[in-house]
Amino acid sequence: MRQQTIDKIPKIVAYMMSIFIAIGILKLPVAQELITLVASIKYFGIFIAGALFTYSTTTLPAIAIFARAAETLNPYLLIPIGATGATVGNLIIRKYVHKIAKKQIKKSRKYLKQKKWIHRLDIILPSIMLVVLATPLPDEFVAALSYVSKYSTKKYMLICFISKLIGIWLIFVTANLL
């Protein structure tokens, strides 16, 4: 168990470094022009930004697009459009995670059943999903958990949409305060 934790350290460090690199890239004039271009497409650009908001490597550019669009567009239209794009992105992630991690998902479910923790996971999973999906944390984790808990696609979509509404609303509120 200790070795598994040690093995994860390089992945965590790489993720943290990618955040700092992304922040640096976002300061480049070319990146600023691209953000302005996507934000200028208005509602379709917000839908694209919503889909980008779900992937761990494109979260920061999506936040920048939301912040730029908040300057000129109506947030009451942008927030649900961005949340819809994010929900579509989460469905793609969910399908992809299921495709590549079927064996690990089955093992996890079997382990949780043996420990009699699967019922506890079913109870707390909606809360975990709402928090993780509303933040810029990687959504891949939640997608895997939804399969371990055998969450239906409809429930998953509903929780994704609600949490992304909250997360994108917080981005717009923050952008308007700055």
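Of all residues in region 109-144 being not hydroxyl-bearing (Ser, Thr, Tyr) and not in a helix (DSSP H, G or I), which is surrounded by the most Cβ atoms within 10 Å (Cβ to Cβ)? Show your work before the answer.
To start, the set of residues in region 109-144 that are not hydroxyl-bearing (Ser, Thr, Tyr) comprises 109-110, 112-126, 128-134, 136-144.
Narrowing further to those that are not in a helix (DSSP H, G or I): 115-117, 136-139.
Working: 115: 9, 116: 8, 117: 11, 136: 16, 137: 14, 138: 16, 139: 26.
Residue satisfying both the conditions and the ranking: 139.
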Original post:
Hey, residue 167 hits all of (1) in a helix (DSSP H, G or I); (2) more than 19 Å from residue 46 (Cα to Cα) but one; which does it fall short on?
Top reply: (2)
Original post:
Counting just the residues of region 145-154 that are surrounded by fewer than 18 Cβ atoms within 10 Å (Cβ to Cβ) and touching a residue at least 24 places away in the same chain (Cβ under 8 Å), which one comes out farthest from residue 111 (Cα to Cα)?
Top reply: 153
**OP:** Answer yes or no: is there a residue in region 147-155 that is within 13 Å of residue 90 (Cα to Cα), at pLDDT below 85 and of a type in the set (S, T, N, Q).
**Re:** no
**OP:** Kindly state which helices (runs of 4 or more DSSP H) lie completely within region 1-54 and contain at least 3 residues that are more than 19 Å from the chain's Cα centre (by Cα), at pLDDT below 65 and not aromatic (Phe, Trp, Tyr).
**Re:** 2-26
**OP:** Filter region 49-67 down to the residues that are under 18 Å from residue 96 (Cβ atoms) and of a type in the set (Val, Ile, Thr), then identify the one that is surrounded by the most Cβ atoms within 10 Å (Cβ to Cβ).
**Re:** 54
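The values are calculated or read from the model by the stated rules, or taken from the named source; none is laboratory data. The shown structure was predicted, so the numbers you read here are calculated from the model rather than taken from an experiment. Positions of Cβ are backbone-derived with ideal geometry, glycine not excepted, and every protein chain shown enters the neighbour counts.
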